[in-house]
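To start, the structure under review is shown below, and the notes come after it.
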Amino acid sequence: MTLVLPPRLTASAQQLRDAAHRRGLPTVQLATFEVPAGLHADHLHAGPAFADVVAPLLGIAPLEAPPDWLAGLPRDVTLREIRVLTIGEAYGLRRPAFVKSPNDKTIRAMIYTDGSRLPGPDAVDRQTPVLVSDIVDFAAEYRLHLLDGAVHAGSQYAEQGKLRLGPAPADALAFGADLLAGFGHTLPTAIVVDVGVIDGRWAVIEPNAAWASGAYVADPDLVLDVILRAAGPGARVSGRDRQFIRPPQPLP
């Protein structure tokens, strides 16, 4: 087995590379998005743009949550209204909203004062899906790495909207476990879900592909377990997880 890494490594990616080496897993860091002739690899840890180019060439199947997963959760789990719209429909927004792409960074995640502030049809196809959410303030935010229906690793990453690293408390892990009990069947077996606190209540922030997510201060060895499942050989993906393989993306 070999783990492929992108040209630039974050501090988190470096820790995951070191964790791979500790368990005897070779890594290859590519200099560009071009896959060298004869390279054989089984796993990947990188952003969506890199994965969209490299994974198909290596037969790697990246898993991700369905684009509408967050919008399909009940209000008492998200504590806000979230809708999936095409960006063409979102142009009609006449109120401030938090807007983002479901599974990549095509549309910058931020508060837009109205739909006219979104990237225009000259920059993005009108059928591009976006998540449109009520604006809320999270007092604290945590990243949970989920594997086989359990919380496998976790870390705090923000407080009052600012970076703050630390361990995930027991109640964050418990909320993750409850979420999996109710909705784990709607997610791949290896995924990241960010959760947070709004006015003293727990809520889901968003899902993220484990292969594209940082570990923050979670145990990198445990995080690596999740990444290896989340982006592995396509031929070994279970029947359950096949529905969650990231589809081929159109060339820009």
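Each reported figure results from applying straightforward, stated rules to the coordinates on display, with no laboratory input. Source: prediction; values computed, not measured. Because the Cβ atoms are built from the backbone with ideal geometry, glycine has one as well, and the counts that use them run over all protein chains shown.
Looking across segment 125-136, just one residue is closer than 14 Å to residue 92 by Cβ and in a loop (DSSP other than H, G, I, E, B), and that is 126. Taking segment 10-20 as the range and being touching a strand residue (DSSP E or B) at 6+ places or on another chain (Cβ under 7 Å) and free of Cβ contacts under 8 Å to residues at least 60 places away in the same chain as the test, only 17 passes. With respect to the conditions (1) part of a helix (DSSP H, G or I); (2) in contact (Cβ under 8 Å) with a residue 60 or more places away in the chain; (3) not aliphatic (A, V, I, L, M), residue 145 lacks only one, and its number is (1).
Given the structure, is residue 143 buried (at least 19 other Cβ atoms within 10 Å of the Cβ), within 21 Å of the chain's Cα centre (by Cα) and not small (Gly, Ala, Ser)?
Values: buried (at least 19 other Cβ atoms within 10 Å of the Cβ): yes; within 21 Å of the chain's Cα centre (by Cα): yes; not small (Gly, Ala, Ser): yes.
The answer is yes for residue 143.
Among the residues making up segment 233-248, those that are surrounded by 15 or more Cβ atoms within 10 Å (Cβ to Cβ), under 16 Å from the mean Cα position of the chain (by Cα) and not charged (D, E, K, R) are 244, 245.
Within segment 34-60, track down each residue that is over 17 Å from residue 231 (Cα atoms) and of a type outside the set (Asp, Glu). Once the filter is applied, which keeps residues that are over 17 Å from residue 231 (Cα atoms) and of a type outside the set (Asp, Glu), segment 34-60 yields 36, 37, 38.
Considering segment 178-188, the residues that are over 13 Å from residue 77 (Cα atoms) and not in a loop (DSSP other than H, G, I, E, B) include one that is farthest from the chain's Cα centre (by Cα), namely 185.
Please go through segment 6-25 and give me each residue that is under 20 Å from the mean Cα position of the chain (by Cα), outside any loop (DSSP other than H, G, I, E, B) and loosely packed, with under 12 Cβ neighbours inside 10 Å, ordered by number. Before the answer, list the steps.
Just the residues of segment 6-25 that are under 20 Å from the mean Cα position of the chain (by Cα), to begin with: 6-17.
Now narrow it down to the ones that are outside any loop (DSSP other than H, G, I, E, B): 11-17.
Result: 11, single match.
Going through segment 96-124 one residue at a time, which ones are of a type in the set (A, V, I, L, M) and in a loop (DSSP other than H, G, I, E, B)? Break it down into steps so the answer makes sense when it comes.
Here is the first cut: in segment 96-124, the ones of a type in the set (A, V, I, L, M) are 97, 99, 107, 109-111, 118, 123-124.
Scanning segment 96-124 gives 107, 109, 118, 123, 124.
When we screen 158, 153 for residues that are among the aliphatic types (A, V, I, L, M), surrounded by fewer than 23 Cβ atoms within 10 Å (Cβ to Cβ) and not in a helix (DSSP H, G or I), the only hit is 158.
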